[in-house]
Amino acid sequence: MIVLEWLFLTIAPCDAAEPWQLGSQDAATPMMQGITDLHHDIFFFLILILVFVSRILVRALWHFHYQKNPIPQRIVHGTTIEILRTIFPSIIPMFIAIPSFALLYSMDEVVVDPAITIKAIGHQWYRTYEYSDYNSSDEQSLTFDSYTIPEDDLEFGQSRLLEVDNRVVVPAKTHLRIIVTPADVPHSWAVPSSGVKCDAVPGRLNQISISVQREGVYYGQCSEICGTNHAFT
Amino acid sequence: MIKLETAPIDARFPLMNQTQHCYTHYLEYHKCIQKKGKHAPKCEKFADYYRSMCPLEWIQRWNKQREQGIFPGPI
């Protein structure tokens, strides 16, 4: 029992891609938790439909094989089954649509004023972060560049193509507004464990509202092709 | 208890595209100081908002355009 508890405490949340990973990264924001829950809802119906359709297909292929069943049947009508196979598949998408639309509209609903605005500006091939809520003039700003650490400079234990020299630090359990924009070509600011992927379009300021619920280090990569070093190789 | 403040949600710009939000606050600030003079306390609010929302590069570019008299906006 003690051993089991110890194992539980040493599991680190998955906030960066793991080798051979199939599922999502662990959620750090309510938005990502909603996305993961929706995925589980849809997956249930997906498996239901997959098993049902596969069973019918295999049965049809097995029982009506030309060697076992040389004379094909000539059934052209079947009112009951036609009604059932129309109604039933139209009810299932309703079960999928309800949680899907609920999540979609709740993601857009920003009811609380954000506490802090952070600008994530994409460049070729690094990011600049600006915290300018407390500027008293147009000049001074808390701004810094964030470069991905090249493979040769990685320390032991660091993740390749994910670690950066200056991380953007955000307060936890606070409503954040992140403004994503590029300085040159289109980029995309993505942090999978926070459920964020926001395109950075030149001349446009895109706003995302998140509230990170637990402390930790979260990783993401540019998600829009932005030139030679987009993949940083 | 630290109180953090930033530009509030503006109902005129409810969607993801906040470009007009940033630009409108910049214009509002400059119209305000034209009417009330520089360093008017009521105008400082707009200045805080546009500095929160707009990238520094954009602000510097617009300031330069205003100095040169080629700023395209209605100031």
Residues of the range A:206-232 being of a type in the set (S, T, N, Q), touching a residue at least 40 places away in the same chain (Cβ under 8 Å) and part of a loop (DSSP other than H, G, I, E, B), which ones? A:Ser211, A:Gln213, A:Gln221
Please count how many residues of the range B:7-54 are within 15 Å of A:Ser137 (Cα to Cα) and of a type in the set (Val, Ile, Thr). 1
Might you check whether a residue that is within 21 Å of A:Asp113 (Cα to Cα), within 13 Å of chain B (Cβ to nearest Cβ) and either surrounded by fewer than 17 Cβ atoms within 10 Å (Cβ to Cβ) or not charged (D, E, K, R) (or both) occurs anywhere in the range A:152-169? no
Filter the range A:176-233 down to the residues that are among the hydroxyl-bearing types (Ser, Thr, Tyr) and closer than 14 Å to A:Ile118 by Cα, then identify the one that is nearest to the other protein chains (Cβ to nearest Cβ). A:Thr181
Across the range A:170-191, which residue is surrounded by the fewest Cβ atoms within 10 Å (Cβ to Cβ) among those that are β-branched (Val, Ile, Thr) and in contact with a Cys (Cβ under 7 Å, 6 or more places away or on another chain)? A:Val185
Please enumerate the residues belonging to the range A:63-108 that are exposed (fewer than 10 other Cβ atoms within 10 Å of the Cβ) and of a type in the set (A, V, I, L, M, F, W, C). A:Ile71, A:Ile75, A:Val76, A:Ile87, A:Ile91, A:Met94
Residue list for the range A:195-204, restricted to those being under 27 Å from A:Gln25 (Cα atoms) and either among the β-branched types (Val, Ile, Thr) or not in a strand (DSSP E or B) (or both): A:Gly195, A:Val196, A:Val201
Those residues that are in a helix (DSSP H, G or I) and of a type outside the set (D, E, K, R), I need them from the range A:58-75; list them, please. A:Val58, A:Ala60, A:Leu61, A:Trp62, A:His63
Scanning the range A:148-174 for residues that are modelled with pLDDT under 90 and polar (S, T, N, Q) gives A:Gln158, A:Ser159
Can you pull out the residues in the range A:202-230 that are surrounded by fewer than 17 Cβ atoms within 10 Å (Cβ to Cβ), aliphatic (A, V, I, L, M) and over 19 Å from the mean Cα position of the chain (by Cα)? none
For the range A:172-181, indicate whether the set of residues that are in contact (Cβ under 8 Å) with a residue 24 or more places away in the chain, closer than 25 Å to A:Pro19 by Cα and part of a strand (DSSP E or B) is non-empty. no
Give me the residue from the range A:126-142 that is under 17 Å from A:Arg167 (Cβ atoms) and either surrounded by 15 or more Cβ atoms within 10 Å (Cβ to Cβ) or in contact with a Pro (Cβ under 6 Å, 6 or more places away or on another chain) (or both) and, out of that set, nearest to the other protein chains (Cβ to nearest Cβ). A:Glu130
Here is a list of conditions, (1) within 30 Å of A:Asp133 (Cα to Cα); (2) under 17 Å from the mean Cα position of the chain (by Cα), and A:Lys119 meets all of them except one; can you say which number that is? (2)
Do you know which residues across the range A:38-53 are touching a residue at least 40 places away in the same chain (Cβ under 8 Å) and surrounded by 13 or more Cβ atoms within 10 Å (Cβ to Cβ)? A:Leu38, A:Asp41, A:Ile42, A:Phe45
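The values are calculated or read from the model by the stated rules, or taken from the named source; none is laboratory data. All values derive from a computational prediction rather than experimental measurement. Neighbour counts run over all protein chains shown; Cβ positions are idealised from the backbone, glycine included.
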